[in-house]
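One structure is given below, encoded as structure tokens.
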Amino acid sequence: MTDQASEHKKKRRFFTLKNKRHMPTWLAGILAFFVKLISLTYRVKVVDKEGWYEQQDAWPVVVSLWHNRILFIACLVRRSLLERMSVLISASRDGEYVSAFIRFFGLGVVRGSSSRGGVHALLELNHEIKDERSVILTVDGPRGPKYTVHPGAVILAQKNGLAIIPVSVNAKHYWQAKSWDNTQIPVPFSTVSLVFGSPFSIPKEMSLEDAQQLIHDKMMEITED
């Protein structure tokens, strides 16, 4: 085989993998192992002034998270807690990759977003809540804009009378991806803070816009960039 033919074959294989709808299980497993291995090097500091992480006095809840913190959150939270929670992941191809990866950490997955499969996703999340499972929402995902809160968390919290728990992962030293959300990857052996904000509720009479602003403000209180 000529060098040119060999190079063409390699490119074709890469193109085939890149365009697969589903990430191969073995590849998702390798990625999950690699991310977990990196997370073991972190000096993790849990900041939880209200004690929710230890006690879970309010349950089920809606956990609000920025999209650029989702990669390592599953590595830092106890598996026993993750197994009682479900996360909303985009119905896109990229979302399929994230779903394959995140299932290795014990989280349940609901597929959909505000722009694609939104109604179905909200119905599925309501079923999860009725089954006493808390739900995690990346409140500015899946397409942003960055740090702009979408309506999903408001709708779920108001409809079901649930508290919202804002959560952030803050690192002093991190790499930042060139994506719309600037995904953060804490540098190995750095200090990482897993921060739980105070639980709060959305009054039923509060407007959607005011509720979105409230969530944004509560999230920014615990977000460090």
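Remarks
- Solution diffusion estimate, µm²/s, Stokes-Einstein, the chain, Kirkwood Rh from C-alpha pairs, 25 °C, viscosity 0.890 mPa s: 133
- The chain - mean residue ellipticity at 222 nm from DSSP helices (-39,500 (n - 2.57) per run, n ≥ 4, rounded to 500): -12000 deg cm²/dmol
- Dipole magnitude for the chain: about 1260 debye, using +1 per Lys or Arg Cβ and -1 per Asp or Glu Cβ, origin at the Cα centre.
- Mean shadow area of segment 42-125, taken as a quarter of the surface of its Cα convex hull (nm²): 6.2
- Eigenvalues of the alpha-carbon gyration tensor of segment 131-172, scaled by 5 and square-rooted, set the equivalent ellipsoid semi-axes at 21, 14, 9 angstrom, largest first.
- Exposed loop sites, defined as chymotrypsin sites (Phe, Trp or Tyr not before Pro) outside DSSP H, G, I, E and B with at most 15 other Cβ atoms within 10 Å, are absent from the longest region of the chain, namely 1-179.
- Highest-MSF residue in the chain out of G141, G51, G197 [GNM, Cα springs under 10 Å]: G51
- The residues E54, E205, when put in order of fewest to most other Cβ atoms within 10 Å, stand as E205, E54.
- 0 to 90° range, to nearest 10: angle between helix 25-39 axis and the chain longest Cα axis: 60
Since every read-out is calculated from the coordinates, none of them should be taken as a lab result. Quantities reported herein were computed from a predicted structural model and do not represent experimental measurements. Cβ sites come from the backbone with ideal geometry, for glycine too, and all protein chains shown count toward neighbours.
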